[in-house]
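Values in this text are rule-based calculations from the coordinates and carry no lab data. Bear in mind that the values here come from a model prediction, so they are computed numbers and not experimental data. Note that each Cβ is placed from the backbone with ideal geometry, even for glycine, and that neighbours are counted across all protein chains shown.
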Amino acid sequence: MKHTHSEEYLPEDLESCIAELKNDRLYQSAAEQIENLLKFDYETKIAALEEIDITDVFIDNIPSRIERGELIADFTRLKVQESFLSNRFSEFCKIIVKEKNEKVESLIPAVQSGEIDFSLLQSALVNRGDYLSILQREFGIEPLLLISLFVNIYRPIFEAAVELSGKTFDLSQWKKSWCPFCGSFPCMSRLEKDTGKRYLWCMRCNSEWHFKRLKCPFCGEEDTKNLDYFYLDDGSPYRVDVCRSCNAYLKTVDEKKGASGKVLFLVEDIKTTYLDLLAVKEGFHKKVKGYEQ
Ligand SMILES: [Zn+2]
Ligand SMILES: [Zn+2]
């Protein structure tokens with residue numbers, strides 16, 4: 001237990017991932033940002049385990065809900081103290097302060113004064129209501145940046161909720177393209193090393209589930225004429241899957257071409273920022289809102 005309160009402590013797999021990045025000249029410059037984010041994420045999750053109340057978050061009859069394609073959690077019912085969220089927000093702003101952004105900084109006093117309604121925000125992050133667009137208009141922050149800001153604060157909290165449920169969720173029968181827990185569209189995917197099966201990843205609650213390989217998760221297109229992918233370098237494990245029907249893209253890690261070990265999507269997402277820029281330049285866009293109630 002001696003490491004519990006040390007800020008330097010991270011689980012071994014995360015520590016070795018950071019060490020690897022620092023030794024890789026391609027990612028050296030991003031290593032510090034990734035390290036800070038992983039630490040923030042881990043510390044927030046550990047703290048959230050003690051902080052949150054998950055009563056009524058997980059609905060009964062989970063296996064049949066999974067089979068029917070109904071969400072198995074309702075994160076709008078998750079109770080989190082406002083002081084905890086406001087503290088996490090300030091801490092998060094400290095680690096992104098390097099990329100100085102006045103508009104983001106204008107959110108800090110708004111959070112501290114209680115002007116930001118966290119319960120509306122929490123609902124918006126699981127695709128209920130349009131509070132994010134209201135904030136976006138009010139503060140003039142670019143939508144994807146605004147979402148990623150709050151997603152980074154809530155992801156470890158949602159993850160802690162799943163862990164606190166004490167349940168194991170068998171998602172093998174889940175067929176939808178949105179996240180079974182929070183209903184969001186996937187942010188990335190991976191192709192499993194041995195089977196080639198595709199797994200989609202939800203950035204908002206860090207869950208993953210199996211999905212058909214040749215089907216667009218955003219519009220359901222299955223005509224392979226409209227499904228394509230591109231990459232920068234043949235030897236790289238990273239590629240971008242694109243759909244010409246809805247013009248959405250999804251970054252993918254092909255484990256066959258990658259290093260061994262579990263894919264840490266949070267890290268892979270930052271490592272592949274150049275692919276987001278490229279995809280947008282090619283006329284594709286990221287779809288973030290999934291299932292809505
Ligand atoms: Zn999710
Ligand atoms: Zn599509």
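Extent of the stretch 18-83 along its three principal axes (Cα atoms, max minus min coordinate, largest first): 49, 34, 14 Å. Summarising the label geometry, the points placed 7 Å from Cα in the beta-carbon direction at D234 and I270 lie 3.2 nm from one another. Cβ-Cβ distance of Q33 and K167, R₀ of 30 Å, FRET efficiency by 1/(1 + (r/R0)^6): the value works out to about 0.35. Taken over the C-alpha atoms, the stretch 12-164 has Rg and Dmax values of 17.1, 49 angstrom. Calculated over the chain, the projected area of the Cα convex hull averaged across directions stands at 15.9 nm².
Using the membrane-span-like helix rule (whole DSSP H runs, Cα extent along the own axis of at least 30 Å, mean Kyte-Doolittle hydropathy at least 0.5), which helices of the chain qualify?
Numbers: long enough: 28-51 (34 Å, -0.49); 143-164 (31 Å, 1.35).
Answer set is 143-164.
Cα convex hull, the stretch 197-239: 105 Å³ per residue, rounded to a whole number. Counting Cα-Cα pairs of the stretch 100-186 in 10 Å increments starting at 0 gives whole-percent bin shares of 14, 44, 27, 12, 2.
Result for the chain in a Gaussian network model with C-alpha springs under 10 Å: among P186, P63, P217, the largest mean-square fluctuation is at P63.
Taking one quarter of the surface of the C-alpha convex hull of the stretch 188-281 gives a mean projected area of 6.1 nm².
Using the crude model of +1 on Lys and Arg Cβ and -1 on Asp and Glu Cβ, and no other charge, please compute the dipole size for the chain relative to its Cα centre, in debye to 20. It would help to have the intermediate numbers written out before the result.
Numbers: 40 positive and 49 negative charges, 181 e Å.
For the chain, the charge dipole is close to 860 debye.
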